[in-house]
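Below is one structure; the comments refer to it alone.
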Amino acid sequence: MTEPPTLTIPPAIVGLDATQAQRTSAGLDLRVTGFDNTRTASKITFTFFDQGGTTLSPGAITVDGFAAFQQFFAASDLGGVFALHAFISVMGNPAQVRPLRSKSRMQQEPLRRADYAS
């Protein structure tokens with residue numbers, strides 16, 4: 001019997017498909033969906049800007065999600081598809097935060113879409 005052909009897919013940067021941020025009185029409730037064909041996502045960095053484009057303090061917020069990503073991928077049969085839910089506390093008025101940008105450990109481009117619900 002002949003072996004079936006093998007298809008090799010090269011590693012790619014983590015892709016982010018959709019983002020959503022819900023403003024609350026205490027902060028931002030963030031939801032991100034994406035794909036990691038290597039299942040090696042680890043850190044995600046959020047940078048927030050005010051309406052004028054100035055980076056809000058404390059600047060880039062990096063979350064080490066390595067253990068959570070590894071636990072999720074080990075139990076998942078969805079390939080590299082993932083969903084991330086994070087809450088960022090805001091001191092002051094959350095309405096002053098404009099759409100976010102995010103980078104994974106391997107990604108260098110801003111999110112393609114950021115939707116806010118009031």
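The values are calculated or read from the model by the stated rules, or taken from the named source; none is laboratory data. Since we're looking at a predicted model, the values are computed, not measured. Positions of Cβ are backbone-derived with ideal geometry, glycine not excepted, and every protein chain shown enters the neighbour counts.
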### Message
Tell me the residue from D36, D50 that is farther than 23 Å from N93 by Cβ and in contact with a helix residue (DSSP H, G or I) (Cβ under 9 Å, 6 or more places away or on another chain), please.
### Response
D36
### Query
Quick one: would you say F66 is touching a Leu at 6+ places or on another chain (Cβ under 6 Å) and either farther than 17 Å from Q20 by Cα or modelled with pLDDT under 85 (or both)?
no
### Boolean, A26 is of a type outside the set (D, E, K, R), over 19 Å from G80 (Cα atoms) and in contact with a helix residue (DSSP H, G or I) (Cβ under 9 Å, 6 or more places away or on another chain)
yes
### Task
Could you tell me whether A12 is of a type in the set (G, A, S), over 23 Å from R98 (Cβ atoms) and in contact (Cβ under 8 Å) with a residue 24 or more places away in the chain?
yes
### Query
Looking at segment 57-83, which of its residues are crowded, with 16+ Cβ neighbours inside 10 Å and either in contact with an Asp or Glu (Cβ under 6 Å, 6 or more places away or on another chain) or assigned to a loop (DSSP other than H, G, I, E, B) (or both)?
G65, G80
### Query
Does R39 satisfy the condition of being modelled with pLDDT of 85 or more and part of a loop (DSSP other than H, G, I, E, B)?
yes
